[in-house]
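Student: Sharing a structure with you now.
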Amino acid sequence: MENVMFSSAAVQTPWQGPTDSNLSSSRTNPIIFPSREYQQYDRAPRRTEEFVEPNLSLEDDPMIEPEFRGIVGSNSRLKAVIENIQIVAPADTSVLILGETGTGKELIARAIHDLSPRKNYPFVKVNCAAIPSGLLESELFGHEKGAFTGAIAQKIGRFELADKGTLFLDEIGDIPLELQPKLLRVLQEQEFERLGSTRTQRVDVRVVAATNANLAPMVAEKRFRSDLFYRLNVFPITVPPLRERRDDIERLVRHFAKKYAQRMGKHIVSIPKATMDALRRHTWPGNIRELQNLMERAVLLSPGPQLRVPLADIVVPLAVNDDVQSSALEQVEREMIVRALQESNWVVGGVRGAAARLRLNRTGLAYKMKKFGISRPT
């Protein structure tokens with residue numbers, strides 16, 4: 001027969017011990033025997049994780065492959081890029097790096113230089129879109145004193161500075177058409193003349209170019225020389241956008257969070273899993289540069305060991321699936337271009353030109369003007 005002490009309800013039994021003259025005749029404090037349900041509950045594991053937001057560690061994972069020359073990621077397409085770097089780096093072949101803005105094309109160019117026999121010589125970079133077209137020739141090839149108004153002294157160009165090293169020409173699609181023959185000559189013959197000089201300068205330079213534009217249509221439209229394109233396009237490398245390598249996002253978050261935490265003297269060890277999932281779903285129109293800037297802002301906003309990412313600051317691109325919406329957006333874009341051209345007195349390039357006002361390069365603005373049928377009124 002089952003003992004009543006283990007019934008489903010707690011049993012209270014008064015003390016029945018012997019009486020003593022020095023003790024009270026009975027005890028009023030009962031002995032409490034716990035019920036079976038209480039014993040089982042007491043032995044049950046505590047499931048506190050159900051009430052705590054799950055976090056992911058930002059500490060280094062020893063199972064992850066090490067970085068390659070500062071290139072972070074293990075995506076299959078990125079591995080193909082790294083293999084191409086290792087193939088072409090020892091040669092002196094011209095390389096054309098293709099990819100969207102912010103994908104890390106300069107990092108690829110630097111890796112090619114560092115793995116080449118020229119690694120102990122200069123790595124010189126030029127952003128062709130950031131220099132006004134009238135000054136770009138002088139910037140690349142140099143000039144003599146008195147070559148033009150304001151040339152008060154001789155200037156050495158970037159090709160001479162990069163002698164025996166590597167010259168990285170970023171945004172090569174913005175090279176003016178009239179300057180392209182001179183660039184082609186130095187690529188083929190390794191010689192040129194400074195502005196205002198008749199003396200031929202010889203250099204030994206490897207050129208690595210990059211662009212976020214599609215040069216093939218520009219060649220077809222006679223806006224980029226075909227012979228220059230073929231000379232640059234000997235060994236093309238296409239860098240994938242971040243949205244096509246989402247499996248690298250977590251590692252990139254870890255990399256940039258650690259980098260900026262060390263710089264700012266902070267100790268950040270985790271990130272909410274829901275936040276990481278949101279970062280993986282984002283399309284990243286600005287690619288790695290957008291992610292890097294977001295992580296710097298997140299570290300600044302994080303007072304404790306958990307990374308606080310301002311997800312509200314992520315710009316979600318407008319999805320246009322309807323022809324009517326598309327036409328309306330194109331009309332708005334056309335009006336913005338016309339207004340910018342009018343405000344700049346129809347100057348396209350330069351610091352105060354319409355391209356700079358619209359945050360476009362000259363080539364991109366020229367393409368849009370042709371697309372929308374915009375021309376300067378007579």
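Read-outs throughout are calculated quantities, based only on the coordinates presented, and are distinct from any laboratory measurement. This structure is a prediction, so every number in the text was calculated from the model and none was measured. So basically every Cβ, Gly included, is an ideal-geometry build from the backbone, and we count neighbours across all protein chains shown.
Student: Based on the Cβ-Cβ distance of residue 259 and residue 347, what FRET efficiency does E = 1/(1 + (r/R0)^6) give at R0 = 51 Å, to the nearest 0.05?
Tutor: Working: r = 40 Å, r/R0 = 0.79.
With R0 = 51 Å, the Cβ-Cβ based efficiency is 0.80.
Student: Each residue of the range 67-76 in order: what ³J(HN,Hα) in whole Hz does its phi give by Karplus 6.51 cos²θ - 1.76 cosθ + 1.60, θ = phi - 60°, with x for Gly and Pro?
Tutor: For the range 67-76, the Karplus curve yields 5, 10, 6, x, 8, 9, x, 9, 4, 4 Hz.
Student: Shifting gears a bit: What is the magnitude of the charge dipole of the range 76-239 about its Cα centre, with +1 placed on the Cβ of each Lys and Arg, -1 on the Cβ of each Asp and Glu, and no other charges, expressed in debye to the nearest 20?
Tutor: My answer is approximately 200 debye.
Student: Figure the gain on full extension for residue 278 and residue 191 (residue separation times 0.36 nm, minus the Cα-Cα span) and round it to one decimal in nm.
Tutor: 26.1 nm
Student: Another question, if that's okay. Give the calculated FRET efficiency between residue 293 and residue 214 to the nearest 0.05, with a Förster radius of 25 Å applied to their Cβ-Cβ distance. Could the numbers behind the result be given before it?
Tutor: Details: r = 26 Å, r/R0 = 1.04.
After rounding, the FRET efficiency stands at 0.45.
Student: Translational diffusion coefficient of the range 245-313 at 25 °C, 0.890 mPa s, Stokes-Einstein with Kirkwood Rh over Cα pairs, in µm²/s as a whole number.
Tutor: My calculation gives 206 µm²/s for D.
Student: Provide the gained length on full extension for the span residue 152 to residue 83, in nm with one decimal, where the gain is 0.36 nm per separating residue minus the Cα-Cα distance. Please list the in-between numbers first.
Tutor: Details: separation 69, 0.36 × 69 = 24.84 nm, distance 4.73 nm.
This chain segment gains 20.1 nm when fully extended.
Student: Taking 0.36 nm per intervening residue step and subtracting the Cα-Cα distance, what contour gain separates residue 92 from residue 370 on full extension?
Tutor: 96.3 nm
Student: My understanding is that a pair violates if its Cα-Cα distance is over 18 Å; which of 79/105; 105/222; 105/125; 222/368; 222/370; 125/145 do that in this structure?
Tutor: Check vs 18 Å cut-off fails for 105/222; 125/145.
Student: Residue 125's amide H: which non-local residues (gap 5+, or another chain) put their own amide H closer than 5 Å, with H modeled 1.01 Å from N in plane and none for Pro or chain starts?
Tutor: 168
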